[in-house]
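What follows is a set of notes on a single structure, which appears directly below.
The values are calculated or read from the model by the stated rules, or taken from the named source; none is laboratory data. Quick caveat: nothing in here was measured; it's all calculated off a predicted structure. Methodologically, a virtual Cβ is constructed for each residue, glycine included, from the backbone with ideal geometry; neighbour enumeration extends over all protein chains shown. Please note that ligands, DNA and RNA were not included when accessible areas were found on the heavy atoms of the full protein model with its side chains. Shrake-Rupley method; radii C 1.70, N 1.55, O 1.52, S 1.80 Å.
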Amino acid sequence: MSLIMKHSAPPPVADINVTPMVDVMLVMLIIFMVITPMLTKGVSVDMVRTKNPIAMQAADKTDAVIVAVSRDGKSYLGNNQVPADQLAPKVKDLLSNRVDHEVFLRADSRARFEKVVEVVNNLRAAGVDQLGLLTGSKCYQMSQMTCNTCHNTHENEKGKLAVFSQRCMACHGAAHDSGNGVAARPCKMTATIGPSITQNCIGCHMPDQTRGAFIMADHWIRVHPEQKIDVAAHNPAWRTKIPPKHLYLRMIVFDDREKASAVRQQLLAGGSFFELARANSIDRATADTGGYLGDLDRSQLDPALSAAALKLQPGEISNVVESNGKYFTLQRLPRNFREDAAAVFNQAMDLRKQGKLQESKDKMFEALKIYPRLLRALNWLAAMYTQGGNPDVSVGILTLATRLYPQDSDAHFNLALAYGAMGNAEEIPEYRRALAIDPDLVVAYINWGAALYEKGQYQDAIKVYREGINVNPLIASLHYSLGLALEQEKKTAEAEAEMALARKIDPNVGTR
């Protein structure tokens, strides 16, 4: 049958959409190489998290010029919304009487890249010669440390491992009094090996990593198991006396102390916190995710829970804590729990490639037990259930994903796929939600149009396909599908033109 005579609905794209998101802030870091801790001046945006910021005290000044880009692409000068194309003259006026032409940019981590670039270009047009990208830093969140704590930005310190190690020893030396409110725990190695180890802090805790042609230092300071260095047995005296500012927790809530004590014993015997929380916690809001609470500021916790949580080491389980007539068991998550979950997820994907679907599902669940908010695992697990003929299970998983990540367009798109497989009318609203978040998600236009076509709503399908073509005119399936819809509306000449254009872009369109 020729393409022009085909009257069946255009096929939707059934594959899960897990295209990795471009880390806009990483690109900006490469361009400007200047970053700083999170500030609260100006419009509030959800800035990207980074691990090795450079402090910018100038951004704290009352007269600092701060430009923000919000999630929806709007630009602000201070607290006032200003269109991007009007930023240049306004910023130029502010900088006219200054010696330094420095501006600080606060961009939302989910802002579209072209919106950030547009703002940057207009700032450059205003004569800005120093542009600082403000971010939220994990190091800053936890300890108020910045890169300048260790690095001298005016000196090339390449190769000065001894200098860096001495700075580590200022807080972690065995003889250091960590009870003064400044230092963390001393280094186990210095306590057992002696002064010679002072040259090797960086080698153990911030080893170089080779990425293609680049050699980089890992600035996420932690224990690296791959170093395979023998250390002394844990000494309680090494425990930090500095309470963390943020920590990752999960909890189980009980209404009976005896039951709480019994479940705690199961946890200490190696029971799964995830499974025991789901089975026993009376707090159903957190029970669905195995008691996971996420990243919490200590001020967010009830005082009794906060006191217990701040005593925990990573991975440690608390005693039963009573608060407001309920009983709680807390666990501070291990430092590397997200990396551990990602490693298990990668194993699941390898099993999937080998066709071992059930084993892959089991690994996906294992990854989610470690980190219940691992979006990649939620999306792929849902896709596997949809493809396996169980879209109702997928809907449950993706409903959770969209609740946890309401601004993730892929989660909404995948939920629309699952609804479509069930014949549920919520399919189209989910495509709309996905496109409201990411108007460039072309595959959503294709599937939304196909859903309308199947319902006989050809005029609406035509409108959707044209919207998709305006976003990307080089997608053959959009032109092909538009041609089919136009044909149903008896607009033969337009249909033939769209079909011809589709075949020029892709000669095989409509045959797959």
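What is the distance, in nm, between label points placed 7 Å from the Cα along the Cα-to-Cβ direction at Asp302 and at Arg124?
Placing both labels 7 Å along Cα→Cβ, they lie 5.5 nm apart.
Give the peptides 325-334, 481-490 in descending order of average Cβ contacts within 10 Å, highest first.
With the highest mean Cβ count within 10 Å placed first, the list reads 481-490, 325-334.
Gln387 to Asp256: FRET efficiency via 1/(1 + (r/R0)^6), r the Cβ-Cβ distance, R0 41 Å, to the nearest 0.05?
Once rounded, the FRET efficiency stands at 0.45.
Please compute the volume of the convex hull spanned by the alpha-carbon atoms of segment 246-373 and report it per residue in Å³.
Value for segment 246-373: 100 Å³ per residue.
At Arg335 and Asp506, where each label point lies 7 Å from the Cα along Cα→Cβ, what is the point-to-point distance in nanometres?
4.7 nm
Give the share of C-alpha pairs in each 10 angstrom bin for segment 445-512, from 0 to the last occupied bin, in whole percents, shortest bins first.
26, 58, 17
Among Ala341, Pro303, Val320, whose Cα projects farthest towards the positive end of the dipole of segment 293-359, with charges put on the beta-carbon of Lys, Arg (+1) and Asp, Glu (-1)?
Positive-most Cα among the choices belongs to Ala341.
Would you grab the residues whose amide H sits under 5 Å from the one on Tyr292? Only those 5+ places off in sequence or on another chain, please, with H modelled 1.01 Å from N.
Residues meeting the amide H criterion: Met251.
How many Å² of accessible area per residue for segment 416-497, probe 1.4 Å?
For segment 416-497, the per-residue accessible area is 44 Å².
Please state the charge dipole magnitude for segment 355-512, taken about the Cα centre, from unit charges on C-beta atoms (+1 on K and R, -1 on D and E), reported in debye and rounded to the nearest 20.
Magnitude of the dipole: close to 300 debye.
Quick check: residue separation of Lys74 and Ser323 times 0.36 nm, minus the Cα distance between them. What number comes out in nm?
85.2 nm
Please go through the residue pairs Lys311/Lys369; Lys259/Lys361; Lys361/Lys455; Lys92/Lys115 and name each one whose alpha carbons sit more than 29 Å apart in this structure.
In this structure, Lys259/Lys361; Lys361/Lys455 lie more than 29 Å apart at Cα.
For segment 394-512, what value does the Rg/Rh ratio take when both radii are computed over Cα atoms and Rh is the Kirkwood radius, given to two decimals?
Looking at segment 394-512, the ratio lands at 1.02.
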